[in-house]
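The values are calculated or read from the model by the stated rules, or taken from the named source; none is laboratory data. Worth saying up front: this structure is predicted, and the values here are computed from it rather than measured. Quick reminder, even Gly has a Cβ in these numbers, built from the backbone with ideal geometry, and neighbours come from all protein chains shown. Please note that ligands, DNA and RNA were not included when accessible areas were found on the heavy atoms of the full protein model with its side chains. Shrake-Rupley method; radii C 1.70, N 1.55, O 1.52, S 1.80 Å.
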Amino acid sequence: MNISKATAGETTVSAAARADARPIREGEPLLQVDNLGKHFPVTAGLLRRQVAAVKAVDGVSFSVHKGETLGVVGESGCGKSTTGRMIMRLLDPSFGRIVFEGRDITKMSQGRLRPLRRDLQMIFQDPYSSLNPRKTVGAIVGAPFRLQNIKTEQGVKKAVQDLLELVGLNPEHYNRYPHEFSGGQRQRIGIARTLALRPKLIVADEPVSALDVSVQAQVVNLMEDLQDELDLTYVVIAHDLSVVRHIADRVAVMYLGKIVELADRSDLYERPMHPYTNALLSAVPIPDPKDRGARTRIRLQGDVPSPLDPPPACRFHTRCWKAQEICKQVEPPLIELSPGHQAACHFPENTTVSATDEVSRAAVAPGAAPAPGEPPSGPAGTPPPGV
Amino acid sequence: MARRNTGGKHAAGLVDDVGAHVAGRTPPSAFLEVRDLRIHFPTDDGLVRSVDGLSFRLERGKTLGIVGESGSGKSVTSLGILGLHNRRNATVSGEIWLDGQELVHASPGDVRALRGRKMAMIFQDPLSAMHPFYTVGHQIVEAYRVHNDVSKRVARKHAIDMLGRVGIPKPDKRVDDYPHQFSGGMRQRAMIAMALSCDPELLIADEPTTALDVTVQAQILDLIRDLQQEFNSAVIMITHDLGVVAELSDDILVMYAGRCAEYASVDDAFHRPLHPYTWGLLGSMPRLDRERSERLMPIKGTPPSLINVPSGCAFHPRCAYGELNGGRSETERPELVEVEPGHKAACHLSLQQRREIWESEIRPKL
Amino acid sequence: MGLLLIISAVTYAIFFLVPRAAGVSSDDIAGRFAGKQPDAVTLAAIKDRFGFDDPVPVQYGKFIKGIVVGDTYDTGTDKIDCPAPCMGYSFRTNQSVTEQIVDRAPITFMIALGAAVLWVIAGVSIGVLSALRRGTIIDRAAMAVALAGVSLPVFFTGLLSLAFVVHKWQLLPSVNYSDIGDNPFNLILPWICLAFLYAALYARLTRAGMLETMNEDFIRTARAKGLPERTVVFKHGLRATLTPIMTVFGLDVGLLLGGAIITEKTFSIPGLGQLALDGVYQSDLPVVLGATLTAALFIVLANLVVDILYGVVDPRVRHS
Ligand SMILES: Nc1ncnc2c1ncn2[C@@H]1O[C@H](COP(=O)(O)OP(=O)(O)OP(=O)(O)O)[C@@H](O)[C@H]1O
Ligand SMILES: Nc1ncnc2c1ncn2[C@@H]1O[C@H](COP(=O)(O)OP(=O)(O)OP(=O)(O)O)[C@@H](O)[C@H]1O
Ligand code: SF4
Ligand code: SF4
Ligand SMILES: [Mg+2]
Ligand SMILES: [Mg+2]
């Protein structure tokens, strides 16, 4: 509410302009993920017998179109990184399918993946540990060229210096070592390396969470500029909901290995449907003292259950204030409740339809869904103010 | 725009009178008053000026938020108040008055007697901050029994009470658990129970929720707020998250390179900030509560080294307005000046210049 | 289970390697039994009786069988019953190896345990003191002595102390270590010499551990609670420091229980170490085997004890 009236119009215009620049999502997606899952076996005893499985990711589906940014948010341990690593094929999925540019890469051998590695790149959280301390910046950023036998040595140097410039580093830093740089600069080096081969898709796992706010903003801006300039596609994994709101076009909310809600950015933040999303948004402290007390607070009890033994049916029912009997018995499917807005809940907020409607068509629990217009029981999750 | 004297005179008259008292060591009226605190570490690379002339006050029942980027001296300050610096590798000067008692020059024994009883601290990472080999209960009992002459049985009952108070389910069972058997949120609760076991009047929370998930962070912040109301204690909340400050604090102290850049009520700090660094922090921040279509406005560069602190205003290499007053920022250190009642800032720009810049250049883009 | 496997592997390796490495043939060994000038027939009979020409695995099988259920040797004239654990008879002295080991174990135990007590007390306290007074004269002096300690072997300090303390200054009575009698304190000199080496090692270990621990967050918390420095150091700091040191200690003692070879040799103490050493010099396979097996057993046992203790001391291990 801080935007002064005079500039409000301007803001809308530029928002629209930016939205225009974004792709309209149609045609074949760049990346398509179907029912993807990863179960890590837990073994015990001498014979390393499998006694259980960590259901880190348990069937997620989404697609990413060229030029857009998909944000993936959720609490620690919900499977964000595992999903990212599977997309990169750094981890082998337990089940499901990954289709990149129309090609199924789920089971592709590392050898056949190699040419694809040019198109798929990853930015890591820790800008320091992902850079070899004994190599110069030039060697680090130029490594992908050499790996893929791209250019002659002079060509590589020139290309690397161009890249350094692109990410806002001094090309003269070519011969320096990572420890001579600050955190933000290291993350820029990491990004330069990622960009070396002009990837089509970049998975960024917590790209800014190790950085200070002022530096974080530099990197966020850089990522946005590069996207516009190079037509990049991002999957940004983060636990900071504000960063994701800023950078993503669409957002997937994960809970215990599942996507519980997937929607366009503004839809998700302004009209969250899944109770978990509501709780998550209302838990974030808002940097505006005027909002103190004005916001509806939803406080979840307890902690996230163990992914070793997730609750049956709706995994959120142990902490959900709207949970009913059906939530413990029937898993709500992730379905589109309004155009472009998917949620997996029997009693969603901010909408009159629900997953139960779909399910009850199969005659499970007639009347379990609240009648239209009747507010659902429990504290109503109004959208966070300030929109 | 070289109207550098517009507010200068006005400001000069209001130079904080704190410095004048230093020599005399007059006890203040405030519950906690820090005067010109300096904490330096001599190292092989040079003298690290982690805190370099910090002054502030805090009353009972109030919360002060200290924000600043990594390395700005927040933790060093809080450890300094508790007297936890090893005097063999840190030089501490200035004054810290807690309820009429001066701590910097007090004997280590006297300060130790106040620690845990009158002032307590919660740390960022509750797993490493608790001893892995002793039960949670034992560690609370220990904290309680140093300052209270009670039997083990009574102390144990107190520990169970405290655990229940901070919202640990089945406290009588969990009291015998070890820290690693607790989840992150529960550990932080236990840490809070331990800190509050002797009913301290000053609670310092150093990034108490940085290691936690948002939903758990919200629980912990609620808890701290409720307990503060119950105990009417003074709270110093150290964080780099402006959201946490906005939700919890009455006043906010923005630290930069070991000094206070701006001190204000939260309202002033968020709606009428008067320091370019505070603008930078606000401009860097992505917002959850509104769509922000403009680019973020990062502060250029990175936080300075505390060994070679930039001359003049430490912020000048990163400040977009440093040139507005004819090079003064590079040579002369701006004093912390009370520009409005309860609102202090350390900047050479005139009040009017700052107000204009804020209204026309910064605020519209947030 | 895993431990048994390790022990068997070790003994098998010795069984297989020692005769070859020592360059003795089965004829040589058999010769020792037969007396001064054996004739071929006697030799063959002996070899046959002990199975010297059997393939190694068969010999090994017999050996293991002896340990588990005992064995009976047929000397031709009469039968010698060797109850379990039977490790055979010395080729040299014809004594039962088991008996020899049982005979010599007590003195080795006394050396090892006595020294262990000394070095733990001295090493840990010097280490703690050094860490707390880091950088001071005390610290530097202690660490200089410790450095000397780790670099001076027992045979040097041992001989030196024998020469001066006993013979020159006559501060301690001269002891015939092959018969120390009922008074274990006759071992004072070997204890000190052995403990000096280890104490130096432990002082350095403790100092390093303590310095690290005192920088831990939980130490800061303990101070923030207002605990007296004494409690902070000795309760919170020392406990965390000593846990890893305990592991090393267990293994070191285990190792020594199998024979403090250099110490025993230096002071001519007839312990397990000497037994093994003599066995090696004399290519006395059963003795070498027996001594090694005993040593391996102690190490494995020490490992086991350490593991169990670790669980007791560190709850994180217990719960995982
Ligand atoms: N190699 C592995 N073996 C076993 N379990 C694993 C492995 N990697 C991850 N997990 C488990 O899988 C779950 C999901 O982990 P993941 O790293 O994907 O979470 P995340 O959402 O990225 O969390 P964070 O925000 O903490 O990074 C966690 O419970 C984690 O403990
Ligand atoms: N014992 C010490 N010796 C030397 N320098 C120190 C010591 N303790 C802290 N410092 C330095 O003092 C500066 C301030 O550190 P401090 O821990 O107070 O930062 P902070 O504001 O708490 O940052 P963060 O947000 O990262 O916790 C840092 O540059 C740090 O390196
Ligand atoms: S399905 Fe039921 S338990 Fe799950 S989120 Fe919706 S209301 Fe809550
Ligand atoms: S004194 Fe100068 S450099 Fe410092 S904040 Fe003010 S304008 Fe910027
Ligand atoms: Mg992760
Ligand atoms: Mg800190």
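Brief remarks follow.
For (1) touching a residue at least 24 places away in the same chain (Cβ under 8 Å); (2) more than 11 Å from chain C (Cβ to nearest Cβ); (3) open to solvent by less than 10 Å² (accessible area, probe 1.4 Å), each residue gets a yes or a no:
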| site | (1), (2), (3) |
| --- | --- |
| B:96 | yes, yes, yes |
| B:102 | yes, yes, no |
| B:109 | no, no, no |
| B:117 | yes, no, no |
| B:127 | yes, no, no |
| B:134 | yes, no, no |
| B:140 | yes, no, yes |
| B:144 | yes, no, no |
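- Of everything listed in (1) in a loop (DSSP other than H, G, I, E, B); (2) of a type in the set (Asp, Glu); (3) within 14 Å of chain A (Cβ to nearest Cβ), the single unmet condition for residue B:199 is (3).
- Residue ranges of helices (runs of 4 or more DSSP H) in the range C:162-261 with at least 3 members closer than 22 Å to residue B:85 by Cβ: C:188-213, C:217-224
- Any hit, the range B:335-351, residues being open to solvent by 30 Å² or more (accessible area, probe 1.4 Å) and more than 26 Å from the chain's Cα centre (by Cα): no
- Test: residue in the range B:164-173 that is farther than 28 Å from residue C:315 by Cβ and of a type outside the set (Gly, Ala, Ser): no
- Residues within the range A:211-222 that are open to solvent by less than 10 Å² (accessible area, probe 1.4 Å), at the interface with another protein chain (Cβ under 7 Å from one of its Cβ atoms) and in contact (Cβ under 8 Å) with a residue 24 or more places away in the chain, tallied: 2
- Here C:245, C:219, C:261 are screened, and the one residue that is at pLDDT 95 or above and of a type outside the set (Ser, Thr, Tyr) is C:219.
- Test: residue in the range A:152-167 that is more than 16 Å from ligand 1 (Cβ to nearest atom) and outside any helix (DSSP H, G or I): yes
- Number of the condition not met by residue A:225 [criteria: (1) more than 24 Å from residue A:210 (Cβ to Cβ); (2) surrounded by fewer than 19 Cβ atoms within 10 Å (Cβ to Cβ)]: (1)
- Residue match in the range A:286-306 (condition: more than 16 Å from ligand 5 (Cβ to nearest atom), over 23 Å from residue B:189 (Cα atoms), away from chain B (no Cβ under 14 Å) and in contact with a His (Cβ under 9 Å, 6 or more places away or on another chain)): no
- Restricting attention to the range B:335-353, the residues that are out of contact with any helix residue (DSSP H, G or I) (no Cβ under 8 Å at 6 or more places or on another chain), within 15 Å of ligand 4 (Cβ to nearest atom) and of a type outside the set (Gly, Ala, Ser) add up to 4.
- Filtered by the rule that a residue be assigned to a helix (DSSP H, G or I) and within 16 Å of ligand 1 (Cβ to nearest atom), the range B:202-238 gives B:214, B:215, B:216, B:217.
- Taken over the range C:277-287, the criterion of being among the hydrophobic types (A, V, I, L, M, F, W, C) and at pLDDT 85 or above is satisfied by C:277 alone.
- Every test in (1) closer than 18 Å to residue B:55 by Cβ; (2) away from ligand 6 (no atom under 16 Å from the Cβ); (3) modelled with pLDDT of 95 or more is passed by residue B:276 save one, and that test is (1).
- Selected residue (criterion: farthest from ligand 5 (Cβ to nearest atom)) from residues of the range A:244-271 that are facing chain B (nearest Cβ under 8 Å) and open to solvent by less than 10 Å² (accessible area, probe 1.4 Å): A:269
- Scanning the range B:206-243 for residues that are under 15 Å from residue B:65 (Cα atoms) and away from chain A (no Cβ under 14 Å) yields B:206, B:228, B:233, B:234, B:235, B:236, B:238.
- In the range A:149-204, the residues that are of a type in the set (Phe, Trp, Tyr) and open to solvent by less than 30 Å² (accessible area, probe 1.4 Å): A:174, A:181
- The range B:74-94, subset more than 14 Å from chain A (Cβ to nearest Cβ) and under 30 Å from residue B:279 (Cβ atoms), residue surrounded by the most Cβ atoms within 10 Å (Cβ to Cβ): B:77
- Test for residue B:333: is it away from ligand 3 (no atom under 16 Å from the Cβ), more than 9 Å from chain A (Cβ to nearest Cβ), closer than 30 Å to residue A:281 by Cβ and out of contact with any Pro (no Cβ under 9 Å at 6 or more places or on another chain): no
Residue-by-condition table, conditions (1) at pLDDT below 95; (2) touching a Phe, Trp or Tyr at 6+ places or on another chain (Cβ under 8 Å):
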| position | (1), (2) |
| --- | --- |
| A:276 | no, yes |
| A:283 | yes, no |
| A:294 | yes, no |
| A:303 | yes, no |
| A:309 | yes, no |
| A:312 | yes, no |
| A:324 | yes, yes |
| A:348 | yes, no |
| A:374 | yes, no |
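- The set of residues in the range A:272-300 being hydroxyl-bearing (Ser, Thr, Tyr) and buried (at least 19 other Cβ atoms within 10 Å of the Cβ) consists of A:276, A:277, A:282.
- Residue C:111 meets the conditions (1) at pLDDT below 75; (2) in contact with a helix residue (DSSP H, G or I) (Cβ under 6 Å, 6 or more places away or on another chain); (3) not in a loop (DSSP other than H, G, I, E, B) in every case but one. The failed one is (1).
- Boolean, residue B:51 is of a type in the set (Val, Ile, Thr) and open to solvent by 10 Å² or more (accessible area, probe 1.4 Å): no
- Count of residues meeting criterion [over 22 Å from residue A:33 (Cβ atoms) and away from ligand 4 (no atom under 16 Å from the Cβ)] in the range A:198-240: 22
- Among (1) within 14 Å of chain A (Cβ to nearest Cβ); (2) part of a helix (DSSP H, G or I); (3) farther than 28 Å from residue A:286 by Cβ; (4) not acidic (Asp, Glu), the one test that residue B:353 misses: (1)
Here is a yes/no grid of residues against (1) open to solvent by 30 Å² or more (accessible area, probe 1.4 Å); (2) within 12 Å of another protein chain (Cβ to nearest Cβ):
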| site | (1), (2) |
| --- | --- |
| B:121 | no, yes |
| B:131 | no, yes |
| B:137 | no, no |
| B:151 | yes, no |
| B:163 | no, no |
| B:186 | no, yes |
| B:203 | no, yes |
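- The range B:254-284 - residue that is closer than 22 Å to residue B:298 by Cβ, among the aliphatic types (A, V, I, L, M) and more than 9 Å from chain A (Cβ to nearest Cβ) and, of those, surrounded by the most Cβ atoms within 10 Å (Cβ to Cβ): B:261
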